[in-house]
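Notes for the one structure printed next.
The values are calculated or read from the model by the stated rules, or taken from the named source; none is laboratory data. None of the values given here were measured: they were computed from a predicted structure. Every residue, glycine among them, receives a Cβ derived from its backbone with ideal geometry; neighbour counts consider all protein chains shown. Quick note on the areas: whole protein, heavy atoms, side chains included, nothing else; ligands and nucleic acids left out. Shrake-Rupley method; radii C 1.70, N 1.55, O 1.52, S 1.80 Å.
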Amino acid sequence: MLTILQQAALPKLNMTQKYDVVVIGGGHNGLVNAAYLARAGKKVLVLERRHVLGGAAVTEEVFPGFKFSVCSYVVSLLRPEIIRELDLPRHGLEILPLDGTFTPMSNGDHLWRVNDHARTRREIARHSRLDAEAYDEYGKAMIEMAHFVKPIMSMTPPDPTTLDPKGWKNLAFLGRRFQRLSNDDKYNQVQLMTMSAVDFLDQWFETDVLKATMSASGIIGTFLGVRSPGTVYVLLHHYMGEIDGAFRSWGFARGGTGAISNAIADAAREAGVEIRTEASIASIVLKNGRATGVVLEHGDEIRADVVSSSVDPRLTFMKMIGEQHLPDDFCADLKRYKYRGSSGKVNLALDGLPDFKSMPGPGAHLRGAISISPSVEYMERAYDEAKYGRFSRRPYIDMVIPSLTDPSVAPPGKHVMSCFVQYAPYNLKEGNWDEKRDEFGDTVVDTIAEHAPNIRELIRDRQVLTPLDLERDFGLSEGNIFQGELTLEQLFFLRPAPGWAQYRTPIRGLYMCGSATHPGGGIMGAPGRNAALQLLKDWKKSV
Ligand SMILES: Cc1cc2nc3c(=O)[nH]c(=O)nc-3n(C[C@H](O)[C@H](O)[C@H](O)COP(=O)(O)OP(=O)(O)OC[C@H]3O[C@@H](n4cnc5c(N)ncnc54)[C@H](O)[C@@H]3O)c2cc1C
């Protein structure tokens, strides 16, 4: 029996609210999911824990006048069908081109690849004539591979262990596409699934800095080095984006990556979605083994026929449901699912522009990505330190200065600089991230200063995000930027768990729709859309 005092301490339950679908999380995938469901006539509510929408695709004015794409900072993977179907440009989406990648080298030289193919070819030829030739062939082969993989991204993965004819149709479709590839492309495809980024690139190129900077795409968001098997798949993942039909191109969203989330939210609201921020979900309500709603941290219960979760499996199942309600083998698979965050982010508010020793003065090289990846050995050594529980003393850093392309994000004459950093292992051998945050920030600045010595005097303010901050502030378990590594053993029909890659879960009425589902992380929207389409199909057969 509860005492009166205990009863007063209990949160007040408001049982009046009922929706067709409640979406957990207002990141871009949750919003895409909600928009598609509402367009199909469902009554949908999105609940977001933070005060602002977007999750890892968010813009915030971290320092007065300086607006940062706090986590993700460039876009390419966002599916063109989503842009079209949700009419995102009408809702404010504008993508500005990111022109090329500038890689300063330790010997004072540089490599600067731009979107102008002829110029890039000349630049690579400056380092190696053979590589300039190979670059064309490589580009063609990667585009072929990306074309092969592209339809997979908008497909519900088949479950090869069932007799479901739709799943087998999808597998047969992939088999037929594979058969149609040229022999060379077939070999490339198998290599892309198995090799390390550097081993793969070694087959094409001889210039060390070219291989180093290209291999960087293979390690983003993974706890692997450029020489670790499997990393070449992550490299392909980053090739699959397109902007205005151009494969491989990356861009900035005007207003930061939060503008992408806001455009999706706007489209969702127009379709009738209700969105609440500062609405943190504590648990998913189960009745007779079925999800029937959610309970917020402050105690309100919201009922729904279906709950669609865009947060990662650890939060969805271990925190919001509890192991005791789940099949043992499913829990075992979830425990094996690897997060192992390895990235951090340093956002700098600058009084001016960095001046690189290897290409002094302001110029177009500052308008694209600036990659601190001077050699393959540098990249691998950065990983070595992380393997043994330390952040890299000389990390790989991918920097952009969006204020050069989109002046709206900084006061006149000032700049924002975004630095994506690897490696920052979630588990430190000594100390903890709260103690090490400043040291990590200093290391990043020191590393940049080796190439652009004026950086220190330009910094007005800095925001340092460690993997622990990504977990605490953004709900990314162990700080993994993709809600779980994009490694082969947790992709396609294995993401997030074998047998449960069709956006359904062992709990009836509970779906998954975030980056932890196929086809994974990045500002892509595909998990949200695929999950909505699957749910609507199931709904017809009664969910
Ligand atoms: C540092 C960093 C850099 C990155 N860089 C890039 C990049 O440049 N380009 C790119 O394409 N991708 C990048 N990514 C990856 C990309 O941003 C993510 O994969 C993507 O944004 C994830 O979207 P999502 O909607 O699946 O999940 P999330 O964005 O994780 O959204 C989940 C939402 O759920 C909310 N939530 C959590 N718990 C609760 C709760 N209890 N109740 C209610 N809501 C809750 C969270 O606050 C969050 O808003 C980066 C990610 C990070 C972290």
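Return one number: the angle in degrees, 0 to 90 and rounded to the nearest 10, between the long axis of the Cα atoms of helix 117-127 and the longest principal axis of the Cα atoms of the chain.
Its long axis makes an angle of about 60 degrees.
Just name one of 410, 452, 389: the one whose Cα is farthest towards the positive end of the charge dipole of the stretch 383-471 (beta-carbon charges, Lys/Arg +1, Asp/Glu -1).
452
Once phi is turned into θ = phi - 60°, what whole-Hz ³J(HN,Hα) does the Karplus curve with 6.51, -1.76 and 1.60 give for every residue of the stretch 349-361, x standing for Gly and Pro?
9, 10, 7, x, 9, x, 10, 7, 4, 7, 7, x, x
Taking 0.36 nm per residue of sequence separation and subtracting the Cα-Cα distance, how much length would be gained by fully extending the chain between residue 87 and residue 191, in nm to one decimal? Walk me through the intermediate numbers first.
On the way: separation 104, 0.36 × 104 = 37.44 nm, distance 3.74 nm.
Using 0.36 nm per residue and subtracting the Cα-Cα distance, I get 33.7 nm.
Which Rg and Dmax, in Å, describe the Cα atoms of the stretch 383-520?
18.6, 58
In degrees between 0 and 90, to the nearest 10, how far off the longest principal axis of the chain does helix 129-153 point, with axes built from Cα atoms?
10 degrees
Contour minus end-to-end for residue 61 and residue 328, with contour as 0.36 nm per residue of separation and end-to-end as the Cα-Cα distance?
The residue 61-residue 328 span can extend by a further 91.7 nm.
If each of residue 143 and residue 155 carries a label point 7 Å out from its Cα toward its Cβ, how far apart are those two points in nm?
Placing both labels 7 Å along Cα→Cβ, they lie 2.3 nm apart.
In terms of modelled amide H atoms, which long-range or inter-chain residues lie less than 5 Å from the amide H of residue 112?
103
Suppose we look only past 31 Å in the calculated P(r) of the chain. What percent of the Cα-Cα pairs does that tail hold?
46 percent
If you take the Cα atoms of the stretch 190-290, find Rg, then find the Kirkwood Rh from the mean of 1/r over all pairs, what is Rg/Rh?
1.18
Hey, which of these cross-link pairs are over 25 Å Cα-Cα: 42/338; 150/537; 18/319? Numbers along the way, then the final one.
Working: 42/338 34 Å; 150/537 22 Å; 18/319 23 Å.
Over 25 Å apart, Cα to Cα: 42/338.
Taking the alpha-carbon centroid of each part, what is the distance from the stretch 178-207 to the stretch 245-300 in angstrom?
About 37 Å separates the Cα centre of the stretch 178-207 from the one of the stretch 245-300.
Pick out, in residue order, every one of the GluC sites (Glu not before Pro) in the stretch 245-299 that is DSSP loop and has at most 16 other C-beta atoms within 10 Å; say none if there are none.
278, 297
Counting other Cβ atoms within 10 Å, which GluC sites (Glu not before Pro) in the stretch 42-113 have at most 11 and lie in a DSSP loop?
Here no loop site has a sparse enough neighbourhood.
Is there a quick way to get the dipole size of the chain? I mean about its Cα centre, with the Cβ of Lys and Arg at +1 and of Asp and Glu at -1; what is the value in debye to the nearest 20? Walk me through the intermediate numbers first.
Values: 63 positive and 65 negative charges, 333 e Å.
That gives a dipole near 1600 debye.
If exposed trypsin sites (Lys or Arg not before Pro) are those in a DSSP loop with at most 12 other Cβ within 10 Å, what is the longest stretch of the chain that has none?
Longest gap between qualifying sites, sites excluded: 13-392.
Sort 215-223, 322-330 for me by packing, meaning the mean count of neighbouring Cβ atoms within 10 Å per residue, highest on top.
My ranking of the peptides, most packed first, is 215-223, 322-330.
For the chain, what is the mean residue ellipticity at 222 nm derived from helices alone (per DSSP H run of n ≥ 4: -39500 (n - 2.57); sum divided by total residues; nearest 500 deg cm²/dmol)?
-10500 deg cm²/dmol
For the charge dipole of the chain, defined by +1 on Lys and Arg C-beta atoms and -1 on Asp and Glu C-beta atoms about the Cα centroid, which residue among 509, 160, 231 has the Cα displaced farthest towards the positive pole?
509
Using only Cα atoms, tell me the angle between helix 28-39 and the longest principal axis of the chain; keep it within 0 to 90° and round to the nearest 10.
On a 0 to 90 degree scale, this one is about 50.
Separation between the residue 303 and residue 107 pseudo-spin-labels, each 7 Å from Cα along Cα→Cβ, expressed in nm?
7.2 nm
Between residue 385 and residue 541, what is 0.36 nm times their sequence separation minus the Cα-Cα distance? Round to one decimal in nm.
Here the answer is 50.9 nm.
Compute the separation of the alpha-carbon centres of the stretch 134-152 and the stretch 511-543 and state it in Å as a whole number.
26 Å
Could you report the accessible area of residue 143 in Å², rounded to 10, computed with a 1.4 Å probe on the protein chains as they sit in the structure?
Near enough 50 Å² of accessible area.
Nearest 20 debye, what's the magnitude of the dipole of the stretch 72-169 about its Cα centre given +1 on Lys and Arg Cβ and -1 on Asp and Glu Cβ?
Dipole magnitude for the stretch 72-169 comes out near 100 debye.
Would you mind pulling out the separation of the Cα centroids of the stretch 304-348 and the stretch 349-394, in Å?
So the two Cα centres are separated by 33 Å.
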